Amino acid sequence: MAQGETTSSSATTTHKGSCHCGKIAFEVDGSFDSVMECNCSHCSRKGYLLSFVPRTALRITTDEAAISTYTFNRHAIRHQFCPQCGCAPFGLGTGRDGVATAAINVRCLEGVELTTLERKFVDGRSF
């Protein structure tokens, strides 16, 4: 499979993603046609466009020991980032239903045209 190429079946599409320098690389299954754009202090400063998938849909393909973690506020989400380039490609947490969840920064996926995404604005500042 060529770099940036995606594979699909009738139920899912696999996307490749990474941090800027490539030290953190991953694959994720899902449909990424809409994203959440949050105005909390963290998301707005970093420009995240997030899409949530079950944790089982995310496969980290590089050494997980190379990943650093940042938490803030309620420490409910473990924001994963690269200590080399500073890019934050995903976060890990638990959904309200108790299911392990990954928040994918869609800006870090290869081959996704950001201008075509439906953006859902979330007022995270008020939480």
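Quick notes on this structure:
- Residue among Thr116, Thr56 that alone is touching a residue at least 60 places away in the same chain (Cβ under 8 Å), loosely packed, with under 13 Cβ neighbours inside 10 Å and among the β-branched types (Val, Ile, Thr): Thr116
- Within the option set Cys87, Cys43, being hydrophobic (A, V, I, L, M, F, W, C), modelled with pLDDT under 90 and more than 20 Å from Thr13 (Cβ to Cβ) holds for one residue only, Cys43.
- Residue match in segment 70-88 (condition: hydroxyl-bearing (Ser, Thr, Tyr) and over 23 Å from Gly124 (Cα atoms)): no
- Out of Gly98, Gly111, Gly17, Gly47, one residue alone is of a type in the set (Gly, Ala, Ser), under 14 Å from the mean Cα position of the chain (by Cα) and surrounded by fewer than 16 Cβ atoms within 10 Å (Cβ to Cβ). It is Gly47.
The values are calculated or read from the model by the stated rules, or taken from the named source; none is laboratory data. Quantities reported herein were computed from a predicted structural model and do not represent experimental measurements. Glycine gets a Cβ as well: all are built from the backbone with ideal geometry, and neighbour counts include every protein chain shown.
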